[in-house]
Amino acid sequence: MNFQRGEILYFDKPLHWTSFNLVAKVRSALCHKIGVRKLKVGHAGTLDPLATGVVTICTGKATKQIDELQAHVKEYVATLQLGATTPSFDLETSIDATFPTVHITKQRIQEVLEQFKGKIEQIPPAFSACKVDGHRAYNLARKGKEVQLKAKTLIIDEIDLQNFDSEAMQMTIRVVCSKGTYIRALARDIGEALQSGAHLIALRRTKVGDIRVEDCMKMKDFSDWLEEQEIEKETESDND
């Protein structure tokens, strides 16, 4: 493999890691293996720290493909807690409001999910990497500042109910969607449509393009995998 010329790797991101944590760990290991001080490494699509699953990592000249790879359709499996909301729409922040849930049934959930199929308008979460006047929205939100973000047009190709626990008021859904979809914001919008509020309590990106999470490498196995690789050395012709 020639990581300087460019390789594309697929990882199952661990819980609590940021996508940048993953990039930094991979870059450090590759630089040590190749014997260089610097190496271009980037990811093709951010995944929240509280989410796990497929993250595409590009090295060297393959980083030029990041925009193309980011455009791939993604699949997620998400678990929502109904009856309560949080400012971040997930477990990063504490519950700020609770709502009745006695009216919620499996049939009602399935009816509501149908409303989200196809082209939709979605306002990104304030706790997101979107930029507002040059600042990351999440930095402003964590300082308690009000964040106004514009709605974006997205496409939900598929959304279906996988499980509904009526006692715990938790539901698990599978979502196939376009680039830029915030599943946390989708949880918020589903909660509003159900008139109960909701927030995300678990999220796993199970597929990006044709790459399934089962095909991805776990970080605990990366060092051993790297040791087994035959590394090609960069030549002058590679830099032409």
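Data for the structure
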read-out	value
Residue satisfying condition, being among the acidic types (Asp, Glu) and under 19 Å from Met217 (Cβ atoms), within set Asp96, Asp12	Asp12
Helices (runs of 4 or more DSSP H) contained in region 125-240 and holding at least 1 residues within 30 Å of Glu114 (Cβ to Cβ) and either of a type in the set (Asp, Glu) or at pLDDT 95 or above (or both)	183-193
Region 1-60 - residue that is among the aromatic types (Phe, Trp, Tyr) and either out of contact with any strand residue (DSSP E or B) (no Cβ under 6 Å at 6 or more places or on another chain) or farther than 21 Å from Ile211 by Cα (or both) and, of those, modelled with the highest pLDDT	Trp17
Where a residue in region 48-76 is buried (at least 17 other Cβ atoms within 10 Å of the Cβ) and its partner, wherever it lies, is polar (S, T, N, Q) and part of a strand (DSSP E or B), with Cβ under 8 Å and at least six apart	Gly53/Thr206; Val54/Thr206; Leu69/Thr56; Glu75/Thr206; Tyr76/Thr206
Qualifying residue in region 35-53 (condition: under 11 Å from the mean Cα position of the chain (by Cα) and of a type in the set (Ser, Thr, Tyr))	yes
Members of region 106-125 that are among the polar types (S, T, N, Q), surrounded by 12 or more Cβ atoms within 10 Å (Cβ to Cβ) and farther than 13 Å from Ile155 by Cα	Gln110
Cβ-Cβ under 6 Å pairs, at least 6 apart or on other chains, region 188-208 side small (Gly, Ala, Ser), far side in a strand (DSSP E or B)	Gly191/Ala198; Ser196/Leu82; Gly197/Ala84; Gly197/Thr85; Ala198/Leu80; Ala198/Leu82; Ala202/Thr79
In region 1-29, residue nearest to Pro49 (Cα to Cα) [restricted to those that are crowded, with 18+ Cβ neighbours inside 10 Å and in contact with a Cys (Cβ under 7 Å, 6 or more places away or on another chain)]	Asp12
Asp90 being among the acidic types (Asp, Glu) and not assigned by TED's automatic domain parsing to the domain that holds Gln195	no
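The values are calculated or read from the model by the stated rules, or taken from the named source; none is laboratory data. The structure displayed is predicted, hence computed values, not measured ones. Quick reminder, even Gly has a Cβ in these numbers, built from the backbone with ideal geometry, and neighbours come from all protein chains shown.
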